[in-house]
Amino acid sequence: MSKPLFSPKSVFWRVNRELACGFAAPRAVLMQIAHPLVAAGVAEHSQFRKHRFARLYRTSLAAAAITFGSRDFALRAIRSINQKHQKVHGVLKTQAGVFPAGTPYDANDPELKLWVLSTITDSTLFVYELFVSKLSREDRERYYADNLRVAELFGIPESIVPPTYDDFRTYFDRMMEGDVIRVSDEAKDIYKALFARTPSGLLLFAGSAPSIALLPERLREEFGFGWKSRGQTLWQRIPPVCRTLRRYTPSVLCANPAATVSQLIL
């Protein structure tokens, strides 16, 4: 069996192995569909109403395969994702944000793939530092350097990928502060369908509520998710407690099982 793409000693592995980083997935998915063209692709080409957990499951499975799986397994997972994306294309039926009706979308559009990958990167680092431990500037840069390998494997041209972590922050902040990232009606419909008042919808909401709370305030408001002051105050007290508990908890109890199994095999 081939070796993993990333070393167990890498910052990329260390960060992604934390179970707490599972909270990053719902946040990343909601930020992804805050791009109107991504939302259109999901709305038109997925069965999110029937299979509410599917996108979260695929996101988590792909991240585990790429980080902890053998090189061959990781490459197969990436090829599978790219092949599925070949079927996801179309045009906007109505205006969505700054995009007029008739604007084409394609899941393999490098710009859209860059945004999707960027939401995962931003969410993972944000959640890790919130619940596990603060990262040094050097650690963030090393994590991002490994992330560049992922972008390359997904076929995102080097010419549009921010080359350094600081460049990535500039790109991400520009996207969030600009006119492109806006919660469209389709994104709201996806959100409402995912968290409908059904047993599976309520279960998904219960598991995703902490992640929703971690969304940028503007997106929380655009999706229609509000905070009561007492709940917000309580939420702000939780992360420091989690970081303290994590310092005294054995790593094996906080690790993604895929990472543990991979290390045993190596």
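The values are calculated or read from the model by the stated rules, or taken from the named source; none is laboratory data. Please read all numbers here as calculations on a predicted model, not as lab measurements. Don't worry about glycine lacking a Cβ; one is built from the backbone with ideal geometry, like all the others, and counts go over all protein chains shown. The accessibility values were calculated without ligands, DNA or RNA, using every heavy atom of the protein model including side chains. Shrake-Rupley method; radii C 1.70, N 1.55, O 1.52, S 1.80 Å.
Scattering from segment 57-175 was approximated by placing one identical point on each alpha carbon and applying the Debye formula without solvent; log10 I(q)/I(0) at 0.10 1/Å stands at -0.36.
Let me know the shape class of segment 111-158, please: from the alpha-carbon gyration tensor, a ≥ b ≥ c as square roots of the eigenvalues, rounded when a/c is under 1.5, otherwise prolate if a/b is greater than b/c, or oblate. Display every interim value, and only then the final one.
Values: a/c = 3.41, a/b = 1.74, b/c = 1.96.
Oblate, because a/c is 1.5 or more while a/b does not exceed b/c.
Working from Cα pairs under 8 Å separated by at least six residues, relative contact order for the chain is 31 percent.
Computed across segment 113-258, the Kirkwood radius stands at 17.7 Å (inverse of mean 1/r, all Cα pairs). Projecting the Cα atoms of L148, Y165, P239 onto the dipole axis of the chain, where Lys and Arg carry +1 and Asp and Glu carry -1 at the beta carbon, places P239 farthest toward the positive end.
Helical runs (DSSP H, four residues minimum) scored at -39500 (n - 2.57) apiece and divided by the length of the chain put the mean residue ellipticity at 222 nm at -20000 deg cm²/dmol.
Rolling a 1.4 Å probe over the protein heavy atoms gives the chain an accessible area of 53 Å² per residue. The lysine pair tally for the chain, using Cα distances under 25 Å and a gap of 8 or more places or different chains, is 21.
Measuring only protein heavy atoms, the 1.4 Å probe finds V91 accessible over about 80 Å². Working note: Karplus 6.51/-1.76/1.60 with θ = phi - 60° gives segment 88-97 the couplings 9, 7, x, 9, 5, 7, 9, 4, 9, x Hz, where Gly and Pro are set to x.
Leaving ligands, DNA and RNA out of it, rank I66, I238 by accessible area with a 1.4 Å probe, largest first.
I238, I66
Can you find, among Q32, G102, L202, the residue farthest towards the positive end of the dipole of the chain? Put +1 on the C-beta of Lys and Arg, -1 on that of Asp and Glu. The residue sitting farthest along the positive end of the dipole is L202. The alpha carbons of the chain occupy a box of 50, 46, 37 Å along the principal axes, longest dimension given first.
On the accessible surface of the chain, probed at 1.4 Å, how many percent belong to carbon and sulfur atoms? Please list the in-between numbers first.
Values: 8000 of 14110 Å².
With neighbouring chains kept in place, the figure for the chain is 57 percent.
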